[in-house]
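First up is the structure itself, then whatever we jot down about it.
The values are calculated or read from the model by the stated rules, or taken from the named source; none is laboratory data. Here the structure is a predicted model, which means the values were calculated and not measured. Here the Cβ positions follow ideal geometry from the backbone for every residue, glycine too, while neighbour counts run over all protein chains shown. Each accessible area value is taken on the protein alone, full model and side chains, heavy atoms only, with ligands, DNA and RNA left out. Shrake-Rupley method; radii C 1.70, N 1.55, O 1.52, S 1.80 Å.
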Amino acid sequence: MNFDNTAPIYIQIMNLIKKDIILGKMNLGEKLLSSREYAQNLKVNPNTMVRVFNELEREGVTFTKRGVGTFITESEEKVEIMKKEMAEDIVRNFIQGMMELGFNFNDMIELIKSRLDKEAVQ
Amino acid sequence: MTSVLIAENVSKGFFRNKALHNLDLKIEEGKVYGLLGPNGSGKTTFFKIAAGLFKPTSGRMTVMGYPIGAETKKLTAFMPTDDFLFGWMKIDGILSFYTDMYEDFDRNKALEYLTFMELQENMKVSSLSTGMKARLKLAVTMARKARLYLLDEPLNGIDPISREKIVKMIMGAFRDDCAVIISSHLVSELETILDEVIFLDHGTVVLAGDAEKFRLEKSCSIEALYKEVYHG
């Protein structure tokens, strides 16, 4: 895994795990690897993983059973909310980036439409 | 949180040169620190004082509450940049040497690390390549159960594969009851493993703090921050 070193690594790992949940690569209620195992696999500091686990739990994405481990939420509703939040983040970044380039909203929509048409052809 | 090392107002002069100048630093348990700065910023001098090899000209330094001395040397594992292992020894000889020298040396751990580093006990030290020597140095240093690890430029002059192994091994050996300080100017290799960064310049701390916090607040990598700090 290559990280973008210009953004906090724990946030990138959180997003990675959230994406896996949204895409169904990880099932609801499934047990996560331990933070140490994650740290080893991703080659990051164990403290970074502890932070990831704490933050995921605080956001309600995961929950901990004492002495058993950390599990993915069982709520489908939560996954839907997560999906919306992540999509909104992407859209917000897109709009911000386009505004920095001097695009107005109509130009943006036009550009997206023409891009989507091209994708559809391929 | 327990402080492993505390430096208060530490200065060290070599004749007219000031290598360290009123340095204040607190190193806490359970964290990996990056001691960053260009050549001549005082990184090695700091390590040598912490390891008990130099006496500071003024100021105070303690490890686990003890003033630097025989007691702290037991708690501190220092890996210098020099090629300090005896060339005429075989690796198993080095292991016996470490077993005799350090109470906290764990031979089984060392063997485990050697396997990971793809080194064999019957290899002669003088026949090892630069990368292999660097791996060996690190393996025997981390096989001590110290409270403070001081790694001076573990990545300098090392090929990418050895660098990756070295970074992986440091992370594998890291425990909650110790602190690791890694000095380097190869910042990008360390990005993912540092909890805290300390920038030294002309023997004093110019900037220090949580690596993730810097990324969040400045939206830049530690490497970019490094360039910002030293380009002025």
Query raised in the report: Do the conditions hold for A:Lys84, that is, is it open to solvent by less than 40 Å² (accessible area, probe 1.4 Å) and either within 14 Å of another protein chain (Cβ to nearest Cβ) or outside any loop (DSSP other than H, G, I, E, B) (or both)?
Result: no
Query raised in the report: Could you count how many residues in region B:179-194 are in contact with an Asp or Glu (Cβ under 7 Å, 6 or more places away or on another chain) and either away from every other protein chain (no Cβ under 11 Å) or open to solvent by 10 Å² or more (accessible area, probe 1.4 Å) (or both)?
Result: 4
Query - Subset of region A:109-122 (residues that are part of a helix (DSSP H, G or I) and closer than 25 Å to A:Ile22 by Cβ) - result: A:Ile112, A:Arg115, A:Leu116, A:Glu119, A:Ala120
Query raised in the report: Has region B:118-126 got at least one residue that is open to solvent by 30 Å² or more (accessible area, probe 1.4 Å), under 25 Å from A:Phe3 (Cβ atoms) and outside any helix (DSSP H, G or I)?
Result: no
Report task. Exactly one condition in (1) under 30 Å from B:Asn22 (Cβ atoms); (2) open to solvent by 10 Å² or more (accessible area, probe 1.4 Å); (3) touching a Lys or Arg at 6+ places or on another chain (Cβ under 6 Å) is not met by B:Phe105; state its number. Result -> (1)
**Report entry** Verdict on B:Glu212 being over 18 Å from the mean Cα position of the chain (by Cα), of a type in the set (Asp, Glu) and at the interface with chain A (Cβ under 10 Å from one of its Cβ atoms)
**Finding:** yes
Report task. May I ask you to verify whether B:Val197 is more than 10 Å from chain A (Cβ to nearest Cβ), out of contact with any Lys or Arg (no Cβ under 9 Å at 6 or more places or on another chain), of a type in the set (A, V, I, L, M) and open to solvent by 40 Å² or more (accessible area, probe 1.4 Å)? Result -> no
Query raised in the report: Going by the conditions given, is A:Leu33 in a loop (DSSP other than H, G, I, E, B), loosely packed, with under 14 Cβ neighbours inside 10 Å and hydrophobic (A, V, I, L, M, F, W, C)?
Result: yes
Query raised in the report: Would region A:39-51 turn up any residue that is more than 10 Å from chain B (Cβ to nearest Cβ), over 19 Å from B:Arg175 (Cα atoms) and open to solvent by less than 20 Å² (accessible area, probe 1.4 Å)?
Result: no
Requested in this report: Select from region B:132-167 the residues that are open to solvent by 10 Å² or more (accessible area, probe 1.4 Å), assigned to a helix (DSSP H, G or I) and touching a residue at least 12 places away in the same chain (Cβ under 8 Å) and list them in ascending order.
Outcome: B:Met132, B:Lys133, B:Ala134, B:Arg135, B:Lys137, B:Ile161, B:Arg163, B:Lys165, B:Val167
Query raised in the report: Within region A:1-9, is even one residue assigned to a helix (DSSP H, G or I), closer than 21 Å to B:Arg215 by Cα and aromatic (Phe, Trp, Tyr)?
Result: no
**Report entry** Filter result (more than 10 Å from every other protein chain (Cβ to nearest Cβ), of a type in the set (A, V, I, L, M) and farther than 22 Å from A:Ile81 by Cβ) within region A:1-38
**Finding:** A:Leu33
Query raised in the report: Does region B:36-53 hold any residues that are of a type in the set (A, V, I, L, M, F, W, C) and open to solvent by less than 10 Å² (accessible area, probe 1.4 Å), and which are they?
Result: B:Leu36, B:Phe46, B:Phe47, B:Ile49, B:Ala50
Requested in this report: Kindly provide the set of residues from region B:54-69 that are open to solvent by 10 Å² or more (accessible area, probe 1.4 Å) and under 25 Å from A:Pro46 (Cα atoms), ordered by number.
Outcome: B:Met64
Report task. Can you tell me which residue within region A:63-81, out of those that are basic (Lys, Arg) and not in a loop (DSSP other than H, G, I, E, B), is farthest from the other protein chains (Cβ to nearest Cβ)? Result -> A:Lys78
**Report entry** Complete set of residues in region A:79-108 that are over 20 Å from A:Leu16 (Cβ atoms) and among the charged types (D, E, K, R)
**Finding:** A:Glu100, A:Asp107
**Report entry** Flag for A:Gly60 being away from chain B (no Cβ under 14 Å), in contact with a Ser or Thr (Cβ under 9 Å, 6 or more places away or on another chain) and not in a helix (DSSP H, G or I)
**Finding:** yes
Requested in this report: May I ask you to say which residue of B:Lys55, B:Lys12 is of a type in the set (Lys, Arg), more than 30 Å from A:Arg36 (Cα to Cα), more than 14 Å from chain A (Cβ to nearest Cβ) and not in a strand (DSSP E or B)?
Outcome: B:Lys55
**Report entry** One residue from B:Phe97, B:Phe54, B:Phe105, B:Phe86 being within 25 Å of B:Val206 (Cβ to Cβ) and among the aromatic types (Phe, Trp, Tyr)
**Finding:** B:Phe54
